[in-house]
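One structure is given here, and the rest of the page talks about it.
The values are calculated or read from the model by the stated rules, or taken from the named source; none is laboratory data. All of these numbers come straight from a predicted model, not from anything done at the bench. Every residue, glycine among them, receives a Cβ derived from its backbone with ideal geometry; neighbour counts consider all protein chains shown.
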Amino acid sequence: MLLDYLWKWRFTLFLLAVTGLLAFSVTAGKGQNWGLLSAEIVIIAIIFLYLDFDQSVVSSREISVIAVLGAMAAVGRVSTAALPNIQPTTFLVILSGYVFGARAGFMIGSTAALASNFFLGQGPWTPWQMFAWGLAGSSAALLRSLFPGAGRWTMISFQLFWGYAFGWIMNIWTWTAFIYPSNWQSFLATYAASFWFDSIHAAGNVLFYLFFGTGAEKILKRVKKKLEVSSLPVESIDVARVAPLSKQNI
């Protein structure tokens, strides 16, 4: 039973394990430049997750929905780029993962980061953004599994949390790539410097959810319902009555 549950959530558990590995790399790399190892961890994790998605059974309609939602999240980020860290991307990625599941949530989040950076600028930060937004989408699916009846305040708290969590993950890249020396003092200073930007991100997530969350969630659930295919029970067929009819048609 436990193995079945773990296998069901292998996608999200893998992402959480990678996050833990990144946190360990920061601890192990105190006092040295740990940027290369942490970047390799993120890139390899993304490659494995994309390969897992490629080998999974996904319909063309599901792929279309993922592509459309990823594009919408990317457009939302590009259109609000002039505002300081206020972006609807995180809000939409979380709702998508909450409705469509962990794998779809990761693909929508990572696609949004990759697509939007074609306009805002690609760089070594792109894999980190792909991973962070992908993890936001996958963790939303885990939230729904743990709290099936999650209400408005639960979602608001989750949106608020990911406003900070996204910045915390990106701070690892900033600290390992640019800050020297790599010690606990510079690590804490990096996180303290990003606090206000992360707070704006979190507040933006909450506002987007308050204004658009209920309506957007209903639309996404309606789309998911149309994608689902339910099997109908096959009733027993009276062969003696069908056979003469088939002979008459020949």
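Take the conditions more than 16 Å from the chain's Cα centre (by Cα), among the hydrophobic types (A, V, I, L, M, F, W, C) and under 30 Å from GLN185 (Cβ atoms) and apply them to ALA81. Does it pass? So ALA81 fails the test. Just one of the listed residues (GLY105, GLY101) is touching a residue at least 24 places away in the same chain (Cβ under 8 Å), under 11 Å from the mean Cα position of the chain (by Cα) and over 26 Å from THR174 (Cα atoms), and it is GLY101.
Yes/no per residue for (1) outside any helix (DSSP H, G or I); (2) at pLDDT below 85; (3) over 20 Å from ASN171 (Cα atoms):
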{"residue": "TYR5", "(1), (2), (3)": "no, yes, yes"}
{"residue": "PHE14", "(1), (2), (3)": "no, yes, yes"}
{"residue": "GLU40", "(1), (2), (3)": "no, yes, no"}
{"residue": "PHE53", "(1), (2), (3)": "no, yes, yes"}
{"residue": "ILE66", "(1), (2), (3)": "no, no, yes"}
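Out of curiosity, is ALA189 without any contact (Cβ under 8 Å) to a residue 24 or more places away in the chain and either on the phi < 0 side of the Ramachandran plot or in contact with a Cys (Cβ under 8 Å, 6 or more places away or on another chain) (or both)? Yes. If you check SER110 against the conditions, is it of a type in the set (S, T, N, Q), under 14 Å from TYR50 (Cβ atoms) and not in a loop (DSSP other than H, G, I, E, B)? Spelling it out, SER110 is indeed of a type in the set (S, T, N, Q), under 14 Å from TYR50 (Cβ atoms) and not in a loop (DSSP other than H, G, I, E, B). Restricting ASN249, ASN183 to residues that are surrounded by fewer than 16 Cβ atoms within 10 Å (Cβ to Cβ) and modelled with pLDDT of 75 or more narrows the list to ASN183. Being in contact with a helix residue (DSSP H, G or I) (Cβ under 6 Å, 6 or more places away or on another chain), among the aromatic types (Phe, Trp, Tyr) and closer than 15 Å to PHE131 by Cβ is a property that does not hold for PHE48. Residue pairs whose Cβ atoms lie under 9 Å apart, sitting 6 or more positions apart in sequence or on different chains, and linking a residue in segment 40-68 that is surrounded by 18 or more Cβ atoms within 10 Å (Cβ to Cβ) to a partner that is of a type in the set (A, V, I, L, M, F, W, C) and not in a helix (DSSP H, G or I), are ILE66/VAL58.
Annotation: of all residues in segment 77-97 being assigned to a helix (DSSP H, G or I) and surrounded by fewer than 20 Cβ atoms within 10 Å (Cβ to Cβ), the one that is modelled with the lowest pLDDT is SER79.
Filtering TYR164, TYR191 for residues that are out of contact with any Lys or Arg (no Cβ under 8 Å at 6 or more places or on another chain), among the hydroxyl-bearing types (Ser, Thr, Tyr), crowded, with 16+ Cβ neighbours inside 10 Å and farther than 30 Å from LEU69 by Cβ leaves a single hit, TYR191.
From the residues in segment 115-134 that are free of Cβ contacts under 8 Å to residues at least 40 places away in the same chain and within 15 Å of the chain's Cα centre (by Cα), which one is surrounded by the most Cβ atoms within 10 Å (Cβ to Cβ)? Here the answer is ALA132.
Only residues that are modelled with pLDDT under 65 and part of a helix (DSSP H, G or I) were counted in segment 16-38, giving 4.
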